Amino acid sequence: MTNTYSYYTYLPHDGVELFTAVILPESEGRFPTVIMRNPYVDYFQDMTEEAVLAAMAEQVTSFTEAGYAVVSQHCRGRGKSSGDCIPFIYERPDGLHLYDWIRAQPFYNGELFPVGGSYTTAVHYETMPFAPDIKGAVLEIMDPDRYNCCFRNGFFKVGLAGGWYVGMYKNKTMPQKNYADESYLTLPMSEFSKTVFGEECPDLDDILSHPDRNDPFWDKPEAGGDTRRVLRDTKVPILLVTGFYDIFTGGIFDAWKAMSPESQANCALLVHPYNHGNDAPSQPIQFEKGSTREIFGNYVLQWLEYTRSKGEAPIPVGKVTYHQCFGNKWLSDDFTQPVATLTFPLGDGERSYTYNPYAPARFQGGLTFGFDGNAWQPGPDSRYDILSFFTPEFTEDTFVKGKMQAKLRVKSDVEDTCFYLRLSLVKEEGAYGLRDDINQISNFAPDYTPGEEIDMTFTFDEHAFVVKKGEKLRIDVSSSAFPYYIPHTNYRGLYYTQDKAKSACNTVIAGESTLTIPIV
(Lines give C-alpha, C1' and ligand atoms only; values in the text may rest on other atoms or scores of the structure.)
Protein backbone atom coordinates (compact mmCIF):
# COMPACT_ATOMS: atom_id res chain seq x y z
CA MET A 1 0.00 0.00 0.00
CA THR A 2 1.20 3.51 -0.69
CA ASN A 3 2.15 5.32 2.51
CA THR A 4 4.80 7.62 3.90
CA TYR A 5 7.40 4.87 3.75
CA SER A 6 6.40 3.10 0.55
CA TYR A 7 5.30 4.72 -2.67
CA TYR A 8 5.70 4.60 -6.43
CA THR A 9 6.07 7.02 -9.28
CA TYR A 10 6.22 6.85 -13.06
CA LEU A 11 9.55 8.50 -13.76
CA PRO A 12 9.41 10.23 -17.17
CA HIS A 13 12.48 9.91 -19.35
CA ASP A 14 13.08 10.19 -23.06
CA GLY A 15 9.43 9.79 -24.00
CA VAL A 16 8.61 6.84 -21.74
CA GLU A 17 7.47 6.41 -18.14
CA LEU A 18 9.52 4.11 -15.92
CA PHE A 19 7.71 2.55 -12.98
CA THR A 20 9.83 3.26 -9.92
CA ALA A 21 9.10 1.97 -6.42
CA VAL A 22 10.55 3.59 -3.31
CA ILE A 23 10.58 1.50 -0.15
CA LEU A 24 11.91 3.24 2.96
CA PRO A 25 12.62 2.14 6.52
CA GLU A 26 9.70 2.99 8.77
CA SER A 27 11.39 5.98 10.30
CA GLU A 28 12.18 9.55 9.38
CA GLY A 29 15.54 10.56 8.01
CA ARG A 30 17.99 10.06 5.18
CA PHE A 31 19.18 6.59 4.29
CA PRO A 32 21.79 4.67 2.33
CA THR A 33 19.98 3.59 -0.81
CA VAL A 34 20.03 0.26 -2.60
CA ILE A 35 19.33 0.57 -6.34
CA MET A 36 17.73 -2.21 -8.38
CA ARG A 37 16.59 -2.16 -12.00
CA ASN A 38 14.82 -5.24 -13.35
CA PRO A 39 13.35 -6.36 -16.70
CA TYR A 40 12.02 -9.66 -15.33
CA VAL A 41 8.85 -8.13 -13.91
CA ASP A 42 6.22 -8.87 -16.53
CA TYR A 43 4.13 -10.79 -13.97
CA PHE A 44 3.44 -7.36 -12.44
CA GLN A 45 2.05 -5.91 -15.67
CA ASP A 46 -1.65 -6.53 -15.01
CA MET A 47 -1.56 -5.92 -11.26
CA THR A 48 -2.55 -2.64 -9.62
CA GLU A 49 0.28 -0.32 -8.68
CA GLU A 50 -0.57 -0.78 -5.01
CA ALA A 51 -0.33 -4.58 -5.30
CA VAL A 52 2.96 -4.29 -7.18
CA LEU A 53 4.36 -1.96 -4.55
CA ALA A 54 3.35 -4.28 -1.72
CA ALA A 55 4.97 -7.28 -3.43
CA MET A 56 8.17 -5.37 -4.15
CA ALA A 57 8.35 -4.10 -0.57
CA GLU A 58 8.00 -7.65 0.73
CA GLN A 59 10.98 -8.71 -1.39
CA VAL A 60 13.37 -6.17 0.18
CA THR A 61 12.48 -6.26 3.89
CA SER A 62 15.99 -7.38 4.86
CA PHE A 63 17.32 -4.08 3.51
CA THR A 64 14.67 -1.80 4.97
CA GLU A 65 14.85 -3.48 8.36
CA ALA A 66 18.60 -2.84 8.33
CA GLY A 67 18.03 0.86 7.66
CA TYR A 68 18.40 1.02 3.89
CA ALA A 69 16.08 2.69 1.43
CA VAL A 70 15.42 0.67 -1.71
CA VAL A 71 14.64 2.16 -5.12
CA SER A 72 13.54 -0.54 -7.55
CA GLN A 73 12.67 0.29 -11.16
CA HIS A 74 11.07 -1.74 -13.94
CA CYS A 75 13.30 -1.52 -17.00
CA ARG A 76 11.99 0.17 -20.11
CA GLY A 77 9.29 -1.85 -21.83
CA ARG A 78 8.92 -4.35 -18.98
CA GLY A 79 6.43 -4.72 -16.16
CA LYS A 80 4.65 -1.42 -15.51
CA SER A 81 7.14 0.67 -17.52
CA SER A 82 6.26 1.86 -21.01
CA GLY A 83 8.38 1.83 -24.14
CA ASP A 84 10.15 -0.93 -26.05
CA CYS A 85 12.69 -3.25 -24.44
CA ILE A 86 15.75 -3.76 -26.62
CA PRO A 87 18.46 -5.52 -24.61
CA PHE A 88 21.16 -3.18 -23.23
CA ILE A 89 20.33 -0.26 -25.54
CA TYR A 90 18.60 2.04 -23.04
CA GLU A 91 20.11 0.90 -19.75
CA ARG A 92 22.81 3.54 -19.46
CA PRO A 93 20.67 6.65 -20.04
CA ASP A 94 17.75 5.23 -18.05
CA GLY A 95 20.02 4.16 -15.21
CA LEU A 96 21.89 7.46 -14.97
CA HIS A 97 18.59 9.31 -15.04
CA LEU A 98 17.40 7.24 -12.09
CA TYR A 99 20.59 7.99 -10.14
CA ASP A 100 20.14 11.72 -10.69
CA TRP A 101 16.51 11.52 -9.61
CA ILE A 102 17.45 9.72 -6.37
CA ARG A 103 20.05 12.37 -5.58
CA ALA A 104 17.29 14.98 -5.54
CA GLN A 105 15.06 13.04 -3.12
CA PRO A 106 14.72 13.91 0.57
CA PHE A 107 15.67 10.37 1.69
CA TYR A 108 19.06 10.45 -0.12
CA ASN A 109 21.98 10.48 2.33
CA GLY A 110 24.84 10.52 -0.18
CA GLU A 111 25.37 6.74 -0.31
CA LEU A 112 24.19 4.60 -3.22
CA PHE A 113 24.54 0.81 -3.55
CA PRO A 114 23.80 -0.94 -6.87
CA VAL A 115 22.71 -4.55 -6.35
CA GLY A 116 21.73 -7.12 -8.95
CA GLY A 117 22.20 -10.49 -10.61
CA SER A 118 22.52 -11.45 -14.27
CA TYR A 119 20.88 -8.76 -16.44
CA THR A 120 19.99 -6.85 -13.27
CA THR A 121 23.75 -6.56 -12.81
CA ALA A 122 24.26 -5.65 -16.48
CA VAL A 123 22.15 -2.53 -15.98
CA HIS A 124 24.66 -1.39 -13.35
CA TYR A 125 27.69 -2.15 -15.53
CA GLU A 126 26.14 0.19 -18.07
CA THR A 127 26.28 3.10 -15.58
CA MET A 128 29.97 2.64 -14.77
CA PRO A 129 32.42 4.09 -14.02
CA PHE A 130 30.55 4.67 -10.80
CA ALA A 131 30.13 8.19 -9.41
CA PRO A 132 31.72 9.07 -6.03
CA ASP A 133 28.48 8.49 -4.13
CA ILE A 134 28.43 4.82 -5.16
CA LYS A 135 29.96 3.38 -2.00
CA GLY A 136 29.68 -0.36 -2.62
CA ALA A 137 28.03 -2.91 -4.90
CA VAL A 138 27.10 -6.57 -5.20
CA LEU A 139 27.20 -7.64 -8.85
CA GLU A 140 26.29 -11.28 -9.33
CA ILE A 141 26.49 -13.76 -12.21
CA MET A 142 27.13 -11.35 -15.08
CA ASP A 143 30.10 -10.91 -17.39
CA PRO A 144 30.92 -7.26 -18.23
CA ASP A 145 32.25 -8.25 -21.68
CA ARG A 146 29.25 -8.49 -24.00
CA TYR A 147 31.20 -10.43 -26.62
CA ASN A 148 31.40 -13.30 -24.16
CA CYS A 149 27.65 -13.15 -23.70
CA CYS A 150 27.15 -13.68 -27.43
CA PHE A 151 30.07 -15.68 -28.82
CA ARG A 152 32.72 -18.28 -28.12
CA ASN A 153 35.61 -18.23 -30.58
CA GLY A 154 33.28 -16.92 -33.28
CA PHE A 155 30.36 -19.26 -32.54
CA PHE A 156 27.11 -17.59 -31.56
CA LYS A 157 25.79 -18.90 -28.24
CA VAL A 158 22.26 -19.87 -29.16
CA GLY A 159 21.84 -21.51 -25.76
CA LEU A 160 22.69 -18.29 -23.94
CA ALA A 161 22.06 -15.13 -25.95
CA GLY A 162 19.90 -16.66 -28.66
CA GLY A 163 16.55 -17.42 -27.08
CA TRP A 164 17.10 -14.87 -24.32
CA TYR A 165 17.49 -11.99 -26.78
CA VAL A 166 14.36 -13.02 -28.68
CA GLY A 167 12.38 -13.18 -25.45
CA MET A 168 13.62 -9.79 -24.28
CA TYR A 169 13.14 -7.94 -27.59
CA LYS A 170 10.04 -5.72 -27.50
CA ASN A 171 8.53 -8.12 -25.01
CA LYS A 172 5.53 -5.94 -24.27
CA THR A 173 4.63 -4.78 -27.78
CA MET A 174 5.67 -8.01 -29.54
CA PRO A 175 4.94 -10.84 -27.08
CA GLN A 176 4.60 -13.47 -29.82
CA LYS A 177 7.48 -14.24 -32.17
CA ASN A 178 7.99 -16.85 -34.86
CA TYR A 179 10.66 -18.57 -32.82
CA ALA A 180 12.06 -21.92 -31.78
CA ASP A 181 15.71 -22.78 -31.12
CA GLU A 182 15.81 -24.21 -34.64
CA SER A 183 15.16 -20.70 -35.98
CA TYR A 184 18.88 -20.17 -35.56
CA LEU A 185 19.48 -22.83 -38.20
CA THR A 186 18.14 -20.31 -40.74
CA LEU A 187 20.44 -19.77 -43.70
CA PRO A 188 21.40 -17.13 -44.41
CA MET A 189 21.41 -15.77 -40.87
CA SER A 190 20.88 -12.30 -42.33
CA GLU A 191 17.19 -13.31 -42.72
CA PHE A 192 16.77 -14.21 -39.05
CA SER A 193 15.35 -10.92 -37.76
CA LYS A 194 12.76 -10.58 -40.50
CA THR A 195 11.74 -14.23 -40.11
CA VAL A 196 11.41 -14.21 -36.32
CA PHE A 197 10.30 -10.63 -35.60
CA GLY A 198 8.67 -9.72 -38.88
CA GLU A 199 10.92 -6.67 -38.98
CA GLU A 200 14.58 -5.80 -39.15
CA CYS A 201 16.42 -5.66 -35.83
CA PRO A 202 19.61 -3.69 -36.49
CA ASP A 203 21.01 -4.36 -33.03
CA LEU A 204 20.79 -8.16 -33.30
CA ASP A 205 21.89 -8.09 -36.93
CA ASP A 206 25.01 -6.17 -35.91
CA ILE A 207 25.76 -8.73 -33.22
CA LEU A 208 25.29 -11.73 -35.49
CA SER A 209 27.45 -10.21 -38.23
CA HIS A 210 30.45 -9.52 -35.95
CA PRO A 211 31.67 -12.88 -34.59
CA ASP A 212 35.33 -11.83 -34.23
CA ARG A 213 36.33 -10.77 -30.71
CA ASN A 214 38.97 -8.43 -32.15
CA ASP A 215 36.53 -6.62 -34.43
CA PRO A 216 36.44 -2.88 -33.52
CA PHE A 217 32.66 -3.27 -33.37
CA TRP A 218 32.96 -4.68 -29.84
CA ASP A 219 34.60 -1.49 -28.60
CA LYS A 220 31.62 0.62 -29.65
CA PRO A 221 29.25 1.75 -26.87
CA GLU A 222 26.25 0.13 -28.55
CA ALA A 223 28.10 -3.22 -28.45
CA GLY A 224 29.07 -2.90 -24.81
CA GLY A 225 32.49 -1.39 -25.44
CA ASP A 226 32.04 0.93 -22.46
CA THR A 227 31.60 -1.99 -20.07
CA ARG A 228 34.33 -4.40 -21.20
CA ARG A 229 36.92 -3.05 -18.78
CA VAL A 230 34.76 -1.26 -16.22
CA LEU A 231 36.05 -3.30 -13.29
CA ARG A 232 39.74 -2.86 -14.07
CA ASP A 233 40.32 0.30 -12.05
CA THR A 234 37.20 0.51 -9.95
CA LYS A 235 37.54 2.30 -6.64
CA VAL A 236 34.27 0.85 -5.35
CA PRO A 237 34.36 -2.24 -3.11
CA ILE A 238 32.46 -4.78 -5.22
CA LEU A 239 31.44 -8.32 -4.36
CA LEU A 240 31.32 -10.41 -7.53
CA VAL A 241 29.52 -13.74 -7.50
CA THR A 242 29.49 -16.59 -10.01
CA GLY A 243 29.15 -20.37 -10.03
CA PHE A 244 31.27 -23.11 -11.54
CA TYR A 245 28.28 -23.79 -13.83
CA ASP A 246 27.22 -20.22 -14.36
CA ILE A 247 26.83 -19.08 -17.98
CA PHE A 248 29.41 -16.34 -17.34
CA THR A 249 32.03 -18.17 -15.23
CA GLY A 250 35.04 -17.58 -17.47
CA GLY A 251 34.25 -13.94 -18.19
CA ILE A 252 33.81 -13.12 -14.51
CA PHE A 253 37.13 -14.79 -13.70
CA ASP A 254 38.73 -12.84 -16.57
CA ALA A 255 37.30 -9.58 -15.23
CA TRP A 256 38.58 -10.42 -11.75
CA LYS A 257 42.08 -11.23 -13.00
CA ALA A 258 42.17 -8.06 -15.13
CA MET A 259 41.54 -5.82 -12.11
CA SER A 260 44.41 -3.63 -11.01
CA PRO A 261 46.02 -4.83 -7.77
CA GLU A 262 44.54 -1.82 -5.98
CA SER A 263 41.02 -2.58 -7.21
CA GLN A 264 41.25 -6.30 -6.55
CA ALA A 265 42.45 -5.68 -2.99
CA ASN A 266 39.20 -3.81 -2.35
CA CYS A 267 36.85 -6.41 -3.83
CA ALA A 268 36.05 -10.12 -3.56
CA LEU A 269 34.87 -12.99 -5.75
CA LEU A 270 32.55 -15.74 -4.49
CA VAL A 271 32.14 -18.95 -6.55
CA HIS A 272 29.49 -21.55 -5.71
CA PRO A 273 29.32 -25.04 -7.30
CA TYR A 274 26.02 -24.62 -9.16
CA ASN A 275 24.43 -22.99 -12.19
CA HIS A 276 23.39 -19.47 -13.20
CA GLY A 277 20.55 -19.37 -10.70
CA ASN A 278 22.52 -21.11 -7.92
CA ASP A 279 19.78 -23.72 -8.27
CA ALA A 280 21.15 -26.77 -6.48
CA PRO A 281 18.10 -29.04 -6.97
CA SER A 282 18.33 -28.73 -10.76
CA GLN A 283 21.93 -29.91 -10.82
CA PRO A 284 23.10 -33.55 -10.90
CA ILE A 285 24.75 -33.41 -7.47
CA GLN A 286 23.86 -31.28 -4.47
CA PHE A 287 27.06 -30.63 -2.58
CA GLU A 288 27.20 -30.71 1.18
CA LYS A 289 27.47 -27.10 2.36
CA GLY A 290 27.51 -25.93 -1.26
CA SER A 291 24.82 -23.28 -0.84
CA THR A 292 26.14 -19.74 -0.45
CA ARG A 293 23.14 -18.82 1.71
CA GLU A 294 23.77 -21.78 4.00
CA ILE A 295 27.41 -20.89 4.54
CA PHE A 296 27.52 -17.11 4.16
CA GLY A 297 24.00 -16.08 5.13
CA ASN A 298 22.71 -12.80 3.71
CA TYR A 299 26.07 -11.98 2.13
CA VAL A 300 24.60 -9.17 0.02
CA LEU A 301 23.48 -7.17 3.04
CA GLN A 302 26.62 -8.10 4.96
CA TRP A 303 28.80 -6.82 2.11
CA LEU A 304 26.99 -3.48 2.05
CA GLU A 305 27.32 -3.20 5.83
CA TYR A 306 31.03 -3.97 5.51
CA THR A 307 31.52 -1.21 2.95
CA ARG A 308 29.93 1.20 5.44
CA SER A 309 32.24 -0.01 8.25
CA LYS A 310 29.23 -1.56 10.00
CA GLY A 311 30.56 -5.10 10.19
CA GLU A 312 32.99 -7.68 8.87
CA ALA A 313 33.08 -8.73 5.23
CA PRO A 314 31.15 -12.00 4.69
CA ILE A 315 34.12 -13.46 2.76
CA PRO A 316 37.83 -12.57 2.62
CA VAL A 317 38.46 -9.34 0.73
CA GLY A 318 40.98 -9.42 -2.11
CA LYS A 319 40.53 -13.18 -2.55
CA VAL A 320 38.54 -15.74 -4.49
CA THR A 321 36.35 -17.82 -2.19
CA TYR A 322 35.17 -20.99 -3.90
CA HIS A 323 33.69 -24.40 -3.29
CA GLN A 324 35.99 -27.33 -4.00
CA CYS A 325 33.66 -29.72 -5.79
CA PHE A 326 33.83 -33.28 -4.45
CA GLY A 327 36.27 -32.04 -1.82
CA ASN A 328 33.18 -30.51 -0.19
CA LYS A 329 34.88 -27.54 1.40
CA TRP A 330 35.22 -23.82 0.82
CA LEU A 331 38.64 -22.32 0.11
CA SER A 332 39.89 -18.75 -0.17
CA ASP A 333 43.05 -17.84 -2.08
CA ASP A 334 44.31 -15.97 -5.14
CA PHE A 335 43.16 -18.76 -7.49
CA THR A 336 46.38 -18.54 -9.45
CA GLN A 337 47.01 -21.18 -12.12
CA PRO A 338 48.98 -24.09 -10.60
CA VAL A 339 52.39 -24.88 -12.06
CA ALA A 340 52.03 -28.66 -11.76
CA THR A 341 50.10 -30.44 -14.51
CA LEU A 342 49.16 -33.89 -15.72
CA THR A 343 48.98 -34.57 -19.46
CA PHE A 344 47.14 -37.50 -21.02
CA PRO A 345 47.26 -38.59 -24.68
CA LEU A 346 43.84 -39.38 -26.12
CA GLY A 347 44.93 -42.78 -27.44
CA ASP A 348 46.50 -44.30 -30.53
CA GLY A 349 45.82 -44.05 -34.24
CA GLU A 350 43.12 -41.85 -35.70
CA ARG A 351 39.33 -41.77 -35.63
CA SER A 352 36.98 -40.15 -38.13
CA TYR A 353 33.30 -39.22 -38.24
CA THR A 354 30.86 -37.44 -40.53
CA TYR A 355 29.67 -34.03 -39.39
CA ASN A 356 26.36 -32.93 -40.93
CA PRO A 357 25.40 -29.32 -40.05
CA TYR A 358 21.76 -30.10 -40.86
CA ALA A 359 21.69 -32.74 -38.10
CA PRO A 360 23.89 -31.27 -35.35
CA ALA A 361 24.82 -33.27 -32.26
CA ARG A 362 23.13 -32.40 -28.98
CA PHE A 363 24.47 -32.61 -25.43
CA GLN A 364 22.99 -32.36 -21.96
CA GLY A 365 23.63 -29.19 -19.94
CA GLY A 366 25.06 -25.87 -21.12
CA LEU A 367 27.93 -26.00 -18.57
CA THR A 368 29.46 -22.49 -18.62
CA PHE A 369 28.37 -21.31 -22.09
CA GLY A 370 24.65 -22.03 -22.11
CA PHE A 371 21.71 -22.26 -19.76
CA ASP A 372 20.82 -25.46 -17.87
CA GLY A 373 24.16 -25.72 -16.06
CA ASN A 374 25.26 -29.30 -15.55
CA ALA A 375 23.60 -32.63 -16.25
CA TRP A 376 24.47 -36.31 -16.30
CA GLN A 377 25.91 -37.06 -19.71
CA PRO A 378 24.74 -39.86 -22.02
CA GLY A 379 27.01 -42.86 -22.52
CA PRO A 380 30.25 -42.70 -24.53
CA ASP A 381 30.13 -42.63 -28.34
CA SER A 382 26.43 -41.81 -28.04
CA ARG A 383 26.10 -40.80 -31.71
CA TYR A 384 27.89 -41.54 -34.95
CA ASP A 385 29.42 -38.04 -34.82
CA ILE A 386 30.62 -38.12 -31.19
CA LEU A 387 33.95 -39.73 -30.34
CA SER A 388 34.69 -40.56 -26.70
CA PHE A 389 38.16 -40.88 -25.19
CA PHE A 390 39.19 -41.69 -21.62
CA THR A 391 42.12 -41.01 -19.34
CA PRO A 392 43.43 -43.87 -17.21
CA GLU A 393 41.88 -44.26 -13.79
CA PHE A 394 43.47 -41.95 -11.23
CA THR A 395 45.63 -43.76 -8.69
CA GLU A 396 45.04 -41.20 -5.93
CA ASP A 397 42.69 -38.35 -5.08
CA THR A 398 43.74 -35.38 -7.23
CA PHE A 399 42.75 -31.72 -6.83
CA VAL A 400 42.26 -30.13 -10.25
CA LYS A 401 42.21 -26.34 -10.13
CA GLY A 402 42.33 -23.62 -12.78
CA LYS A 403 42.04 -23.80 -16.55
CA MET A 404 42.29 -27.22 -18.21
CA GLN A 405 43.54 -27.36 -21.79
CA ALA A 406 43.42 -29.75 -24.71
CA LYS A 407 45.34 -30.03 -27.96
CA LEU A 408 43.81 -31.82 -30.92
CA ARG A 409 45.73 -32.88 -34.00
CA VAL A 410 43.02 -32.89 -36.66
CA LYS A 411 42.31 -32.94 -40.36
CA SER A 412 39.22 -32.49 -42.52
CA ASP A 413 38.16 -32.91 -46.13
CA VAL A 414 36.70 -29.38 -46.28
CA GLU A 415 38.31 -25.93 -46.28
CA ASP A 416 36.94 -25.05 -42.85
CA THR A 417 35.08 -26.84 -40.10
CA CYS A 418 35.01 -26.95 -36.34
CA PHE A 419 35.65 -29.25 -33.40
CA TYR A 420 33.77 -29.34 -30.12
CA LEU A 421 35.13 -30.83 -26.89
CA ARG A 422 33.21 -31.73 -23.76
CA LEU A 423 34.98 -32.98 -20.60
CA SER A 424 33.28 -35.12 -17.98
CA LEU A 425 34.26 -36.74 -14.71
CA VAL A 426 33.35 -40.43 -14.79
CA LYS A 427 31.89 -41.36 -11.43
CA GLU A 428 30.05 -44.44 -10.27
CA GLU A 429 26.73 -42.61 -10.76
CA GLY A 430 27.56 -41.53 -14.30
CA ALA A 431 29.51 -38.93 -16.30
CA TYR A 432 29.39 -35.56 -14.54
CA GLY A 433 29.91 -32.70 -17.04
CA LEU A 434 32.89 -30.46 -16.37
CA ARG A 435 33.67 -28.10 -19.23
CA ASP A 436 33.36 -27.60 -22.98
CA ASP A 437 34.88 -25.53 -25.76
CA ILE A 438 34.44 -25.06 -29.49
CA ASN A 439 36.78 -23.72 -32.16
CA GLN A 440 37.19 -23.69 -35.92
CA ILE A 441 40.09 -24.59 -38.17
CA SER A 442 40.23 -21.11 -39.73
CA ASN A 443 41.15 -19.63 -36.34
CA PHE A 444 44.39 -21.63 -36.53
CA ALA A 445 44.95 -22.01 -40.28
CA PRO A 446 43.12 -19.25 -42.24
CA ASP A 447 44.16 -20.80 -45.58
CA TYR A 448 43.66 -24.42 -44.59
CA THR A 449 44.07 -27.04 -47.32
CA PRO A 450 41.74 -30.06 -47.00
CA GLY A 451 43.60 -33.14 -45.79
CA GLU A 452 46.26 -31.14 -43.97
CA GLU A 453 46.98 -32.05 -40.34
CA ILE A 454 46.97 -29.12 -37.91
CA ASP A 455 47.00 -28.61 -34.15
CA MET A 456 44.09 -26.87 -32.46
CA THR A 457 44.10 -25.77 -28.82
CA PHE A 458 41.10 -25.61 -26.50
CA THR A 459 41.03 -23.78 -23.18
CA PHE A 460 38.34 -24.45 -20.60
CA ASP A 461 36.94 -22.08 -18.00
CA GLU A 462 38.25 -22.22 -14.46
CA HIS A 463 37.17 -25.07 -12.23
CA ALA A 464 38.08 -26.58 -8.87
CA PHE A 465 37.21 -30.22 -8.24
CA VAL A 466 38.64 -33.44 -6.84
CA VAL A 467 39.02 -36.59 -8.92
CA LYS A 468 38.75 -39.50 -6.53
CA LYS A 469 41.01 -42.54 -6.71
CA GLY A 470 39.61 -44.97 -9.29
CA GLU A 471 37.75 -42.29 -11.26
CA LYS A 472 38.70 -41.07 -14.72
CA LEU A 473 37.99 -38.24 -17.16
CA ARG A 474 36.11 -38.56 -20.42
CA ILE A 475 36.69 -36.36 -23.46
CA ASP A 476 33.92 -36.26 -26.05
CA VAL A 477 34.87 -34.84 -29.45
CA SER A 478 32.31 -33.74 -32.01
CA SER A 479 31.75 -30.81 -34.36
CA SER A 480 28.50 -29.42 -32.99
CA ALA A 481 26.54 -28.96 -29.79
CA PHE A 482 23.14 -27.58 -30.69
CA PRO A 483 21.34 -25.61 -29.37
CA TYR A 484 24.22 -24.30 -27.30
CA TYR A 485 26.25 -23.14 -30.32
CA ILE A 486 25.40 -22.26 -33.88
CA PRO A 487 26.45 -25.11 -36.22
CA HIS A 488 29.38 -24.55 -38.56
CA THR A 489 28.44 -24.81 -42.25
CA ASN A 490 31.80 -26.35 -43.24
CA TYR A 491 32.39 -23.35 -45.49
CA ARG A 492 34.98 -20.68 -44.85
CA GLY A 493 33.89 -17.11 -44.24
CA LEU A 494 31.33 -15.05 -42.37
CA TYR A 495 28.54 -17.31 -41.15
CA TYR A 496 26.01 -14.46 -41.17
CA THR A 497 26.02 -14.31 -44.98
CA GLN A 498 26.37 -18.02 -45.81
CA ASP A 499 23.36 -19.55 -47.54
CA LYS A 500 24.32 -23.24 -47.65
CA ALA A 501 26.04 -25.98 -45.67
CA LYS A 502 27.64 -29.31 -46.47
CA SER A 503 28.84 -32.40 -44.64
CA ALA A 504 32.47 -32.97 -43.68
CA CYS A 505 34.61 -35.95 -42.78
CA ASN A 506 36.56 -34.87 -39.70
CA THR A 507 39.44 -36.81 -38.18
CA VAL A 508 41.17 -36.76 -34.80
CA ILE A 509 44.73 -38.08 -34.68
CA ALA A 510 44.44 -39.42 -31.15
CA GLY A 511 48.11 -40.24 -30.61
CA GLU A 512 49.04 -36.59 -31.19
CA SER A 513 46.15 -35.17 -29.14
CA THR A 514 46.32 -34.49 -25.42
CA LEU A 515 44.41 -33.26 -22.37
CA THR A 516 46.34 -31.26 -19.75
CA ILE A 517 44.95 -30.60 -16.28
CA PRO A 518 46.44 -28.26 -13.65
CA ILE A 519 46.78 -29.89 -10.24
CA VAL A 520 47.50 -28.68 -6.72
Please give the FRET efficiency for Lys468 paired with Ser332, using the beta carbon to beta carbon distance and R0 = 35 Å, rounded to the nearest 0.05. 0.90
Please report the relative contact order for the chain, taking Cα pairs under 8 Å with a sequence separation of at least 6, and give it as a percent rounded to a whole number. 14
For segment 108-179, take N as its residue count and report Rg(C-alpha) divided by 2.2 N^0.38 Å. 1.40
Can you give the convex hull volume of the alpha carbon atoms of segment 160-215 per residue, in Å³? 85
So if we plug the beta-carbon distance of Leu96 and Thr173 into 1/(1 + (r/R0)^6) with R0 = 35 Å, what FRET efficiency do we get, rounded to 0.05? 0.90
Can you give the translational diffusion coefficient of segment 402-520 in µm²/s, computed by Stokes-Einstein from the Kirkwood radius over Cα pairs at 37 °C and 0.692 mPa s? 212
How much area per residue is accessible in the chain when the probe is 1.4 Å and only protein heavy atoms are counted (Å²)? 38
For segment 37-54, take each phi angle, set θ = phi - 60°, evaluate the Karplus expression 6.51 cos²θ - 1.76 cosθ + 1.60, and give the result in whole Hz per residue in order, putting x for glycine and proline. 10, 9, x, 8, 10, 5, 5, 7, 4, 9, 8, 5, 4, 5, 5, 4, 4, 4
How large, in percent, is the carbon and sulfur part of the accessible surface of segment 96-157 at a probe radius of 1.4 Å? 56
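Just the number: Rg to Rh for segment 172-323, Cα atoms, Kirkwood Rh, two decimals.
Reported Rg/Rh, Kirkwood definition of Rh: 1.07.
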Portion, in percent, of the accessible area of segment 424-520 that falls on carbon or sulfur, probe 1.4 Å: 48
How far is the Cα center of segment 235-309 from the Cα center of segment 427-451, in Å? 28
Sorting Ile102, Ser82, Ser62 by the position of each Cα along the dipole of segment 1-125 (Lys, Arg +1; Asp, Glu -1; all at Cβ), the one nearest the positive end of that ordering is Ile102
Taking the Cα centre of the chain as origin, work out the dipole magnitude from +1 charges on Lys and Arg Cβ and -1 charges on Asp and Glu Cβ, in debye rounded to 20. 560
If Rh is defined by the Kirkwood formula over all Cα pairs and Rg also comes from Cα, what ratio Rg/Rh do you get for the chain? 0.99
If you take the square roots of the eigenvalues of the alpha-carbon gyration tensor of segment 9-115 and sort them as a ≥ b ≥ c, do you get rounded (a/c under 1.5), prolate (a/b over b/c) or oblate? oblate
Ordering of 9-20, 364-375 by packing [mean C-beta count within 10 Å, highest first]: 364-375, 9-20
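Of the listed pairs Lys220/Lys401; Lys403/Lys502; Lys135/Lys220; Lys135/Lys401; Lys257/Lys407; Lys310/Lys403, which have alpha-carbon separations greater than 31 Å here?
Long pairs (Cα-Cα over 31 Å): Lys220/Lys401; Lys403/Lys502; Lys135/Lys401; Lys310/Lys403.
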Quote the FRET efficiency, to the nearest 0.05, computed for Val16 versus Glu49 with a Förster distance R0 of 22 Å and r equal to the Cβ-Cβ distance. 0.85
With the crude spin-label approximation of a point 7 Å out along Cα→Cβ, what separation in nm comes out for Asp233 versus Asp215? 2.9
Restricting the calculation to Cα positions, tell me the Rg (one decimal) and the Dmax (whole number) of segment 371-471 in Å. 15.6, 45
Taking N as the residue count of segment 81-232, its alpha carbon Rg divided by 2.2 N^0.38 Å gives 1.15
Amide H contacts under 5 Å for Ile519, placed H, 5+ residues apart: Ala340, Thr341, Leu342, Lys401
Could you look at segment 207-361 and say what percent of its accessible area is carbon and sulfur, using a 1.4 Å probe and all protein chains? 47
Pull out the extension gain between Glu191 and Lys289, defined as 0.36 nm times the separation in residues minus the alpha carbon to alpha carbon distance; nm, one decimal. 30.5 nm
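The values are calculated or read from the model by the stated rules, or taken from the named source; none is laboratory data. As the structure is a computational prediction, the values presented were derived from the model and not from experiment. Counting neighbours? That spans all protein chains shown, and the Cβs are built from the backbone with ideal geometry, glycine included. Heads up: the accessible areas ignore ligands, DNA and RNA and are worked out on the full protein's heavy atoms, side chains in. Shrake-Rupley method; radii C 1.70, N 1.55, O 1.52, S 1.80 Å.
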